[in-house]
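The values are calculated or read from the model by the stated rules, or taken from the named source; none is laboratory data. All of these numbers come straight from a predicted model, not from anything done at the bench. We place every Cβ from the backbone using ideal geometry, glycine too, and count neighbours over all the protein chains shown. To get the accessible areas, we keep the full protein, side chains included, count just its heavy atoms, and leave off ligands, DNA and RNA. Shrake-Rupley method; radii C 1.70, N 1.55, O 1.52, S 1.80 Å.
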Amino acid sequence: MRFGNGYASFETEGRFSLKTEIRLFGSEKQTTVKIKNHGEKAALMLFYRAKLQLGENPDEPKKGIVFAEEKGRLSARNRLTMPEKEVYFYASEKIASYTTDGFEADSFAKSYSGSLASNTEPCFAVQIPIDLNKGEEKEICLSLGCADKNSLPKDAPKDASLRIRTPMRELDIMVNHWLPYQTKTSRILAKSAYYQSGGAVGFRDQLQDSLMFLYNDPEFVRRQLLYFAERQFAEGDVLHWWHFESTGVRTHISDDLLFLPYAALQYIKMTEDLSILEENCRYLQSEAIENGKDLYRNFAFSEKREAFLMHLVRAIDHASSLGQHGLPLMKGGDWNDSMDKVGEKGKGESVFLAFFLAQIKREIAPYLKQYHMEEKAAEYLAESAKLMADTERFAWDGEWYLRAYFDNGNKLGTAEAKECRIDLLSQAWAVLSGAEKGKTAMESAYRRLFLEKEKIFLLLDPPFEKTEAGYIRGYLPGVRENGAQYTHAAAWGLMALCRLGLKKEAEKVLRALLPTSHTKTREDAMRYRGEPYALAADVYAHPAALGQAGWTWYTGSAAVLYNAVVQEFLGIRICGNRLSVLPKVPENWEVFSFRYIFRKTEYHINMKRGEKIQSIELKDDGKTHELTLGF
């Protein structure tokens, strides 16, 4: 058994050498079967069966499924739940018989009936005869795929334009290949993996995933931004997640809508493409949702269209409802969905959201001025300043910032508490948003949450056991959001350490976050139980599973860690046609290098300590340039 990029191979030896190789090509899975006959002439029959779901719940009766066959190509669609989708199957060799009846397929009959009936066990089952002479080898290709008229963007981001070479070999391997590969395959294309086979698009999640590809394929990021803008309601809130075109859930989650302006600002700063702000995008329409309740359905598009810039403004304004301390309301949960009880009554406030919203309002103001919205720009700048002031007045706890206020006014993330005294999220975003006491807060987080020996950067400590903050308490203490390492937040913590210039601490955290650091010995690998090349969403801190990886592959932390390394640790920044490098690498690094493809031009940049030049103008002249910059 062998696994590679986009394929799995299974081989057996006996009278017949059998090699089965499965490859994925976008929305099509191709299975190649190679058979070699080492004995006398043989007549074989290849049986193939694909069990079809064509719906959400495998336990529900399969209704509305329609089958068809044309020239050996089988197809199926569910006219009730997904009429626009067609699942199909075809083979490179002639199909002798087929059935779509799972009960008939169970019989392994000598010949199938050719039934196109729909029942409770729908499938594609085929028989393909294979005649092999002595020493003969044959290859059969079987293709199973899904065609869709108008659902998610089918394009995938281009392969890497940026490649690094540093003294940290394991970092090079992860940044140059595995982190982009993990995000592209599991998050952008499949939207699924072993531990979470959901298939849905998450608003905040996939927008952050897309940002990984700003260096490699900014056009892809642009298309994603416009696509996501059309999953927003005119009131400013968005679908939290959805399947198909717009079948999803409208919620009271308070932060996901803000990732549209956050991602858009990242894109504009890097590309200087202001034209995206003028693109007209649709809205979804819906009746208002009740307080404390979500609404799941297939939402229709309204006739209302507005410039992309107005979509950003509506998102920001919707997120600007403030509580008694002048901080944004937490509502059904902010970035940590599992804290869904903190503000469920409409009074709880989020400190993280205050930092996040303040930064977005401050950064979008110059673009509002360019589009003659000076009054709105001034409003945002004033509100941003007030948010930052109110966090200092009401959220500073002495050595770090609070995480939130409960509906009843009690503090979350305070040194006075027995549970969740400190939360990494608030401290990291205090730094990233430029808070006055951000350095002190992040130093406290590093000192209290980074377990150097165990190589874990905890999300919060101590875990919840009695405090009712939401479904977070359903996890064991030290598992997932409840006091484990949540790698997404840990990567933001790495960004914050780099931003502060804490190079030693940043290097230690970075090495701890790489899966290779947990798999160097057999003992380490047996404890970690995760792949050495796929980032884990979480790493447990519970004593019974200390250092064990949670789910891998399907995690947005891969994209966030990639950007933390490239933008903050290595300091590689692109603004239009200007490339600058301001690294925060260890003091014992004397050199590192990277290759960057700017449109049709290749740049090889050698970084050398002590050199003076730190930025260059990128020119698209179709040539290859080798330059030395300093740090």
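Which condition breaks for ARG314 when tested against (1) buried (at least 18 other Cβ atoms within 10 Å of the Cβ); (2) free of Cβ contacts under 8 Å to residues at least 24 places away in the same chain?
With respect to (1) buried (at least 18 other Cβ atoms within 10 Å of the Cβ); (2) free of Cβ contacts under 8 Å to residues at least 24 places away in the same chain, ARG314 is out only on (2).
Mind checking which pairs have a first residue in the range 153-172 that is at pLDDT below 90 and a second that is assigned to a loop (DSSP other than H, G, I, E, B) and charged (D, E, K, R), Cβ under 7 Å, 6 or more apart or different chains?
So the pair list comes out as PRO157/ASP217; LYS158/ASP217.
With (1) within 28 Å of LEU618 (Cα to Cα); (2) within 16 Å of the chain's Cα centre (by Cα) as the list, and LEU226 as the residue in question, which single condition is left unmet?
Answer for LEU226: the failing condition is (2).
Confirm whether LEU284 is modelled with pLDDT of 95 or more, of a type outside the set (D, E, K, R), over 27 Å from GLN427 (Cα atoms) and outside any helix (DSSP H, G or I).
yes
Determine whether GLY346 is in a loop (DSSP other than H, G, I, E, B), more than 18 Å from ALA382 (Cβ to Cβ) and touching a residue at least 24 places away in the same chain (Cβ under 8 Å).
Working: in a loop (DSSP other than H, G, I, E, B): yes; more than 18 Å from ALA382 (Cβ to Cβ): yes; touching a residue at least 24 places away in the same chain (Cβ under 8 Å): yes.
Against the criterion (in a loop (DSSP other than H, G, I, E, B), more than 18 Å from ALA382 (Cβ to Cβ) and touching a residue at least 24 places away in the same chain (Cβ under 8 Å)), GLY346 qualifies.
What number of residues within the range 422-437 are in a strand (DSSP E or B) and either among the β-branched types (Val, Ile, Thr) or surrounded by fewer than 24 Cβ atoms within 10 Å (Cβ to Cβ) (or both)? Walk me through it before giving the result.
If we filter the range 422-437 for residues that are in a strand (DSSP E or B), which is where we start, we get 422-423.
Retained after the next criterion (residues that are either among the β-branched types (Val, Ile, Thr) or surrounded by fewer than 24 Cβ atoms within 10 Å (Cβ to Cβ) (or both)): 422.
Of the residues in the range 422-437, 1 are in a strand (DSSP E or B) and either among the β-branched types (Val, Ile, Thr) or surrounded by fewer than 24 Cβ atoms within 10 Å (Cβ to Cβ) (or both).
So which residues in the range 444-461 are farther than 21 Å from ASP340 by Cβ, touching a residue at least 24 places away in the same chain (Cβ under 8 Å) and not in a loop (DSSP other than H, G, I, E, B)?
SER444, ALA445, TYR446, ARG448, LEU449, PHE450, LEU451, ILE456, PHE457
Check the range 187-204 and report whether any residue there is in a helix (DSSP H, G or I), within 12 Å of the chain's Cα centre (by Cα), surrounded by 20 or more Cβ atoms within 10 Å (Cβ to Cβ) and modelled with pLDDT of 95 or more. Reasoning before the result, please.
Quick first cut of the range 187-204, residues in a helix (DSSP H, G or I) only: 187-190, 203-204.
The next check asks that each one be within 12 Å of the chain's Cα centre (by Cα); those that pass are 187-190, 203-204.
Restricting the remaining residues to those that are surrounded by 20 or more Cβ atoms within 10 Å (Cβ to Cβ) gives 187-188, 203-204.
After this cut, where a residue has to be modelled with pLDDT of 95 or more as well, the list is 203-204.
The answer is yes; a qualifying residue exists.
Identify, by number, the condition in (1) among the charged types (D, E, K, R); (2) open to solvent by 10 Å² or more (accessible area, probe 1.4 Å); (3) in contact with an Asp or Glu (Cβ under 8 Å, 6 or more places away or on another chain) that ASP334 doesn't meet.
For ASP334, the failing item is (2).
Check TYR262 against each of (1) of a type in the set (Phe, Trp, Tyr); (2) under 24 Å from ALA190 (Cβ atoms); (3) not in a strand (DSSP E or B) and name the one condition it does not meet.
(2)
Is there any pair linking a residue in the range 320-331 that is touching a residue at least 60 places away in the same chain (Cβ under 8 Å) to one that is part of a loop (DSSP other than H, G, I, E, B) and among the β-branched types (Val, Ile, Thr), with Cβ under 8 Å and at least six apart or on different chains, and which?
Sorted first by the residue in the range 320-331, then by its partner, the pairs are MET330/VAL342.
In the range 92-133, how many are hydrophobic (A, V, I, L, M, F, W, C) and either under 14 Å from ALA76 (Cα atoms) or surrounded by fewer than 16 Cβ atoms within 10 Å (Cβ to Cβ) (or both)?
Looking only at that region, the number is 9.
Mind checking whether some residue in the range 158-167 is touching a Gly at 6+ places or on another chain (Cβ under 8 Å) and surrounded by fewer than 21 Cβ atoms within 10 Å (Cβ to Cβ)? Steps first, answer last, please.
From the range 158-167, those touching a Gly at 6+ places or on another chain (Cβ under 8 Å) are none; that's our starting set.
Checked against the condition, which is being touching a Gly at 6+ places or on another chain (Cβ under 8 Å) and surrounded by fewer than 21 Cβ atoms within 10 Å (Cβ to Cβ), the range 158-167 yields no hits at all.
Residue-by-condition table, conditions (1) modelled with pLDDT of 95 or more; (2) in contact with a Phe, Trp or Tyr (Cβ under 6 Å, 6 or more places away or on another chain); (3) over 26 Å from ALA378 (Cα atoms):
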{"residue": "LYS269", "(1), (2), (3)": "yes, no, no"}
{"residue": "GLU279", "(1), (2), (3)": "yes, yes, no"}
{"residue": "LYS293", "(1), (2), (3)": "no, no, yes"}
{"residue": "ASN298", "(1), (2), (3)": "no, no, yes"}
{"residue": "PHE308", "(1), (2), (3)": "yes, no, no"}
{"residue": "ALA315", "(1), (2), (3)": "yes, no, no"}
{"residue": "GLY326", "(1), (2), (3)": "yes, no, no"}
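Report yes if some residue within the range 470-486 is among the β-branched types (Val, Ile, Thr), more than 23 Å from GLN206 (Cβ to Cβ) and more than 21 Å from the chain's Cα centre (by Cα); otherwise report no.
Looking for residues that are among the β-branched types (Val, Ile, Thr), more than 23 Å from GLN206 (Cβ to Cβ) and more than 21 Å from the chain's Cα centre (by Cα), one finds none in the range 470-486, hence no.
Tell me which residues, restricted to the range 229-253, are closer than 22 Å to LEU80 by Cα, in a loop (DSSP other than H, G, I, E, B) and open to solvent by 30 Å² or more (accessible area, probe 1.4 Å).
Passing the criteria: PHE244, GLU245.
Taking VAL87 as the residue in question, decide whether it is under 39 Å from the mean Cα position of the chain (by Cα), in a strand (DSSP E or B) and more than 14 Å from TYR48 (Cα to Cα). Can you show your working first?
Working: under 39 Å from the mean Cα position of the chain (by Cα): yes; in a strand (DSSP E or B): yes; more than 14 Å from TYR48 (Cα to Cα): yes.
Here the answer is yes, as VAL87 does meet what is asked.
Suppose we filter LEU295, LEU353 for residues that are surrounded by fewer than 24 Cβ atoms within 10 Å (Cβ to Cβ) and out of contact with any Gly (no Cβ under 9 Å at 6 or more places or on another chain); which single one remains? Walk me through it before giving the result.
Working: LEU353 fails: surrounded by fewer than 24 Cβ atoms within 10 Å (Cβ to Cβ).
LEU295 is the lone residue from the list that is surrounded by fewer than 24 Cβ atoms within 10 Å (Cβ to Cβ) and out of contact with any Gly (no Cβ under 9 Å at 6 or more places or on another chain).
For the range 43-56, which positions are part of a strand (DSSP E or B), of a type in the set (A, V, I, L, M, F, W, C) and surrounded by 16 or more Cβ atoms within 10 Å (Cβ to Cβ)? Before you say what the answer is, go through the steps one by one.
Step one: list which residues in the range 43-56 are part of a strand (DSSP E or B), which gives 43-51.
Subsequent filtering for residues that are of a type in the set (A, V, I, L, M, F, W, C) retains 43-47, 50.
Correct list: LEU46, ALA50.
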